[in-house]
Amino acid sequence: MQDQHIASAFDRDLEGIQALIMKMGGMVETAISDASRALDMRDTELAEIVRKNDKAVDALEEEVVAEVARVIAVRAPTAGDLRTVLTVLKISANLERVGDYAKNLAKRTSVLSEMPMINGSGGSIRRMSKSVNLMLKDALDAYIQRDIDLAADVRQRDAEIDQMYNALFREFLTHMMEDPRNITACMHLHFIAKNLERMGDHVTSIAEQVIYLVTGEMPDEDREKKDRTAYVGTPDGA
């Protein structure tokens, strides 16, 4: 009877942590779409809201970490239960990083709003952002439903994000070569595209954690990366 009570208490704790994860995921999805719209519409006020709201995402990650630490200390989960709480910890860390990248997108909106538009870039960035956001939604659905097929699908779709990034990279190079006055704006846009590509990587990591959670093993085969650019540098904190 005592073991059953402990199991029931652990389930309640896990439901609470899961609720935090889904709230965090929803906030990150909103941040991505708002940052993309702010960039497209050159809406600096919306961009500032995205930047400020990132603090709430960070606070939620800290709450998840604190709750996981408490559950481990109080419930002493073993085997599958421990795998579950550690998976939650990794998913929250990935969500926090995606939120940071969304904030980075918003930070560049005010700069780009004072520069000439680069033809076609707004639509391309918007499509890439929408694809990343859909991946994130599906990854979170896969987590809640413990759906490894959906998680595997998300994992494979990261190649599409890489291909979008490669196309944008070539597009920006063309604009810069055609007119040197485009160089500064294209560099900012390139950092934005790279941030979106990195978001895809973190969402893929969430999908891989779902597969690990359900099967107890990380996916065997290496995921082929489609990022073929020779860019050297790290725009993570840009």
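The values are calculated or read from the model by the stated rules, or taken from the named source; none is laboratory data. This structure is a prediction, so every number in the text was calculated from the model and none was measured. Because the Cβ atoms are built from the backbone with ideal geometry, glycine has one as well, and the counts that use them run over all protein chains shown. Just so you know, the surface numbers come from the protein's heavy atoms only, side chains and all, with ligands and any DNA or RNA stripped out. Shrake-Rupley method; radii C 1.70, N 1.55, O 1.52, S 1.80 Å.
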Next item on the list: Using the structure shown, decide if A193 is among the aliphatic types (A, V, I, L, M), in a helix (DSSP H, G or I), farther than 16 Å from A35 by Cβ and out of contact with any Gly (no Cβ under 7 Å at 6 or more places or on another chain).
Entry: no
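Every residue, every condition in (1) of a type outside the set (V, I, T); (2) touching an Asp or Glu at 6+ places or on another chain (Cβ under 8 Å), yes or no:
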residue	(1), (2)
E45	yes, no
R51	yes, no
R75	yes, yes
R83	yes, no
K90	yes, no
L105	yes, no
T109	no, yes
Notebook entry, point to check: Among A47, A56, A9, A38, which is the only one that is closer than 18 Å to L95 by Cβ and either open to solvent by less than 50 Å² (accessible area, probe 1.4 Å) or in a helix (DSSP H, G or I) (or both)?
Noted result: A56
Item checked: Close pairs (6 angstrom Cβ cut-off, 6 or more residues apart or separate chains): of a type in the set (F, W, Y) in segment 126-153, buried (at least 22 other Cβ atoms within 10 Å of the Cβ) anywhere -> Y143/V210
Margin query: Considering only segment 74-82, I want to know if a residue exists there that is among the polar types (S, T, N, Q) and exposed (fewer than 15 other Cβ atoms within 10 Å of the Cβ).
Written below: yes
Checklist line | Output for segment 143-157, where each listed residue is closer than 22 Å to V98 by Cα and in a helix (DSSP H, G or I) | finding: Y143, I144, Q145, I148, L150, A151, A152, D153, V154, R155, Q156, R157
Margin query: Looking at E160, E171, E217 in this structure, which one is modelled with pLDDT under 95, part of a helix (DSSP H, G or I) and either closer than 22 Å to T30 by Cβ or open to solvent by 40 Å² or more (accessible area, probe 1.4 Å) (or both)?
Written below: E171
Next item on the list: Can you tell me which residue among V111, V68 is at pLDDT 90 or above and not acidic (D, E)?
Entry: V68
Check: Quick one: P116 ticks every box in (1) touching a residue at least 60 places away in the same chain (Cβ under 8 Å); (2) open to solvent by 40 Å² or more (accessible area, probe 1.4 Å); (3) part of a helix (DSSP H, G or I); (4) not acidic (D, E) bar one, so which box is it?
Finding: (3)
Notebook entry, point to check: Does any residue of segment 119-142 turn out to be open to solvent by 70 Å² or more (accessible area, probe 1.4 Å), closer than 24 Å to K90 by Cα, among the charged types (D, E, K, R) and in a helix (DSSP H, G or I)?
Noted result: yes
Check: Condition test on G120, is it of a type outside the set (A, V, I, L, M), at pLDDT below 90 and more than 21 Å from V214 (Cβ to Cβ)?
Finding: yes
